Amino acid sequence: MKKIIRLFVTDVDGTLTDGGMYYTNSGDEFKKFNAQDGMGIHLLRDKGIKTAIITNENTQIVERRAKKLKVDFLHQAVDDKLEMIKTLCKQLQIPIEECAYIGDDVNDMEALEHAGLSACPANAVTAVKAMKGILILKSGGGNGAVREFIEYILNECTND
């Protein structure tokens, strides 16, 4: 039986980005996002799957990216990602088993452990890659990992 996914949640740094934080002498900050990941978010929306970004960071860069992608939910400066996911699931009236989550570091592990479907980029930290049941993607963060996970969901799961 195929898993049902109704909510897709992603981390930012190391997942939607390559994890690099670029600063200029004048204090400007830059992050690299992947256009194919963005198209993946669009494909999920077309299938009626809700999308969310949850991150510990709090930047205008992420706010602008979420707005451009028309993400359903953006939550920044979140210390407990699992609790935020539970709140979203309650709001959407879905079980956490219908949530897919992608993250790359130790602060994602609780959310990865409880989501119905979990994945990490190829360059995730060792502790995340060692988690039971996690889908380790071939692509790295910021280099198509989110899109790869989305394609897996669209091909292997259903939202019926």
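Readers should treat all values here as calculations from the given coordinates under stated rules, not as data from a laboratory. Since the model is a prediction, treat every value here as computed from it, not as a measurement.
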Taking the reciprocal of mean 1/r across every pair of different Cα atoms in the chain, the Kirkwood radius in Å is 15.4
How about residue 70: which aspartates and glutamates have a C-alpha closer than 12 Å to its C-alpha, ignoring those fewer than 8 places off in the same chain? 46
Relative contact order for region 1-122, counting Cα pairs under 8 Å that sit 6 or more residues apart, in percent: 31
Out of all DSSP beta bridges with both ends in region 7-156, state the antiparallel percent to the nearest 5. 15
Rounded tilt (10° steps) of 81-92 against the dominant C-alpha axis of the chain: 50
The helix 60-69 Cα axis meets the longest alpha-carbon principal axis of the chain at an angle in degrees, between 0 and 90 and rounded to 10, of 40
Of 90/129; 2/47; 32/68; 32/132; 31/132, which ones are farther than 26 Å apart at the Cα? 90/129; 32/132; 31/132
Between helix 35-46 and the chain, what is the angle of the helix's C-alpha long axis to the longest principal axis, kept within 0 to 90° and rounded to the nearest 10? 30
